[in-house]
Amino acid sequence: MRTWSHWINGHSVTGTSSRTSPVFNPATGEQTGVVALASVEDVESVLEVASGAGVTWRDSSLSSRTRVLFAFREIVARRLDDLASLISEQHGKVLSDARGEVQRGLEVVEYACGIPSLLKGEYSDQVSGGVDAFSYRQPLGVVVGITPFNFPAMVPMWMFPLAIATGNTFVLKPSERDPGASLLLAEMWEEAGLPAGVFNVLQGDVEVVNALLDHPLVDAVSFVGSTPVARAIYQRARAAGKRVQALGGAKNHSVILPDADPDFVAEHLVASAFGSAGERCMAISTSVLVGASADAVLERVVERARRVVVGPGHEPRSEMGPVITPAAKERIESIVSASVAEGAQVLVDGRNFSVPGYEGGFFVGPTVVDGVAPHMGVYQQEIFGPVLSNVRVDTVDEAIALVNANPYGNGTAIFTSSGEAARRFHREVKVGMIGINVPIPVPMAYYSFGGWKDSLFGDHHVYGPEGVRFYTRAKAVTQRWPERRGEVGATFSFPTQT
Ligand code: NAD
């Protein structure tokens with residue numbers, strides 16, 4: 001059994017605590033290792049290292065930072081399969097999906113390679129006689145990233161490429177469920193020539209998170225995880241004076257209008273509800289079927305859902321792997337059972353699912369529930385499993401009202417052939433990321449990612465232009481270089497342009 005530990009100052013470090021948490025292979029159900037849980041003393045040492053490394057890193061030239069980023073990009077691309085198989089083994093997602101997650105993270109690294117252009121400031125010549133003004137942005141200092149289990153490479157890569165490119169140092173606190181990817185990424189940074197101490201990994205749980213949030217050496221916190229934790233982290237870190245972005249959970253609706261092609265819709269709904277076993281913050285968990293064509297769509301969804309190949313992530317045939325823990329499996333199944341008690345109909349039942357040869361794995365089969373109403377638990381809770389709930393409404397207005405009444409606002413999609421309906425939908429929904437005939441509208445690296453309402457606490461989305469702004473603060477300089485000694489010309493009144 002392997003022990004996954006910390007990465008501090010360019011080395012693998014055991015830490016001072018003997019506390020650990022088990023790491024499983026969700027496809028077999030076997031424990032494959034343990035992850036060290038850091039102590040408060042470990043928090044002190046990693047922050048001293050990160051703070052010390054920042055003194056030189058913040059003054060490194062843009063070209064030297066860019067060279068490291070380009071090298072890192074090449075190493076991740078070369079070792080993409082190593083990273084993907086480690087993710088698949090600890091998370092359970094299928095290999096092709098794990099590769100996809102690394103690829104999307106890599107795109108943020110590629111965006112960060114353009115940091116010399118992204119950090120260009122503004123300059124105004126001669127704002128007054130002999131006076132010029134300019135602005136530029138400087139790094140914050142030490143940035144902490146706290147990340148969820150469901151994207152152990154991509155979500156950290158939403159954060160650290162830009163945090164580091166803009167001159168900060170970074171401490172990653174990954175999920176204790178799948179700690180491996182973070183350490184492989186740390187080794188890749190070292191190989192890329194990043195100075196020791198600029199990127200660090202501290203494994204741990206709530207004890208470590210709280211010590212990081214309260215610590216005076218931490219300047220900013222990027223968090224991604226569930227809504228209750230996001231809210232608590234935002235409040236605690238803000239109270240301690242940090243800059244914070246805390247992305248939370250989701251309940252993404254896909255609205256299907258009668259003019260959409262039912263075959264196209266069914267294929268895309270099934271893939272977006274059951275891909276990664278529904279453990280994506282952008283998974284479609286609710287379809288809102290508008291009007292008369294609901295049955296035609298649902299019939300196709302049921303047929304396709306029954307054909308989803310469920311199996312271990314490393315099997316090339318598998319389309320969907322297990323969920324993360326036995327507790328997650330139990331929770332998902334009990335939400336489905338409760339929906340039956342509340343009057344919903346289970347059209348495809350993934351409860352008590354087992355994969356031959358992998359009987360110990362944490363598998364839940366694709367599940368399709370019809371007749372769902374907004375008061376039911378299956379509608380209200382973020383299930384984070386392979387369950388697609390179907391709600392039927394009569395009009396687009398009702399569909400938009402449903403999306404807007406939901407406390408989450410991460411992603412949503414509309415399927416239609418009407419440009420007019422699509423335009424109205426994207427303008428009226430209170431959601432951060434919207435797809436038009438695109439069920440999982442994750443923005444490209446040169447846009448930014450973020451939800452509304454309970455899906456994001458803070459003012460900035462992650463990566464893209466908002467990421468650059470989040471990890472830097474602005475300075476505006478007004479300068480004068482008097483041409484002749486003895487030229488004074490000061491005034492006691494507030495200066496105006498002359
Ligand atoms: P989680 O909230 O349980 O954990 C996230 C991180 O917070 C982990 O590093 C964990 O160790 C830490 N943590 C957990 N409980 C804590 C506590 N009480 N105090 C301090 N830290 C704590 O989330 P998860 O189960 O790992 O991930 C799934 C959740 O993440 C889902 O809700 C999903 O929607 C959300 N998510 C959101 C996005 C997004 O972009 N909005 C992206 C991915 C995942």
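Report the extension gain between residue 481 and residue 14 in nm, rounded to one decimal, defined as 0.36 nm multiplied by the number of residues separating them, less their alpha carbon distance.
Details: separation 467, 0.36 × 467 = 168.12 nm, distance 5.47 nm.
Fully extending the segment from residue 481 to residue 14 adds 162.6 nm.
Please give the net charge around residue 346, taking every other residue with its beta carbon less than 15 angstrom from that of residue 346, where Lys and Arg add +1 and Asp and Glu add -1. Each step should come with its number before you reach the end.
Numbers: positive: 306, 351; negative: 333, 342, 349, 370.
Once positives and negatives cancel, what remains is -2.
Hand me the GluC sites (Glu not before Pro) from the range 421-498 located in a DSSP loop with no more than 12 other Cβ atoms within 10 Å, in residue order please.
Here the sparse-neighbourhood loop sites are 483, 487.
Arrange the following residues from fewest to most other Cβ atoms within 10 Å of their Cβ: 329, 120, 173.
Working: 329 23, 120 11, 173 26.
Ordered from fewest to most neighbouring Cβ atoms within 10 Å, 329, 120, 173 come out as 120, 329, 173.
Over the Cα atoms of the chain, what Rg and Dmax result, in angstrom?
24.8, 90
Quick check: Cα centre of the range 174-225 to Cα centre of the range 473-491, how many Å?
43 Å
Under 17 Å Cα to Cα from residue 251, which lysines show up? Leave out anything in the same chain fewer than 8 places away.
Hits, sequence-local ones excluded: 430, 453.
By counting other Cβ atoms within 10 Å of each Cβ, how are 162, 217 ranked from fewest to most?
On the way: 162 32, 217 18.
Exposure proxy ranking, most exposed first: 217, 162.
Give me the lysines in straight-line cross-link reach of residue 475: C-alpha distance below 20 Å, same-chain residues under 8 apart excluded.
Partners found: 120, 242.
Near the amide H of residue 9, under 5 Å away, which other amide H atoms are found, from residues 5 or more places off or on another chain, if H is placed in the peptide plane?
197
Using a cut-off of 13 Å between alpha-carbon atoms, which aspartates and glutamates can reach residue 93, once sequence neighbours fewer than 8 places away in the same chain are excluded?
Reachable aspartates and glutamates: 101, 178, 279, 315, 319.
For the chain, what relative contact order do you get, as a whole percent, if you take Cα pairs closer than 8 Å and at least 6 residues apart?
Values: 1148 pairs, mean separation 90.4, N = 498.
Computed value for the chain: 18 percent relative contact order.
Check which residues have an amide H placed less than 5 Å from residue 131's amide H, if you skip close sequence neighbours.
Here 126 satisfy the definition.
Coordinate-derived values only; no laboratory data. Keep in mind it's a predicted model, so treat the numbers as computed, not measured. Using ideal geometry, Cβ is built from the backbone for each residue, glycine included, and neighbour counts are taken over all protein chains shown.
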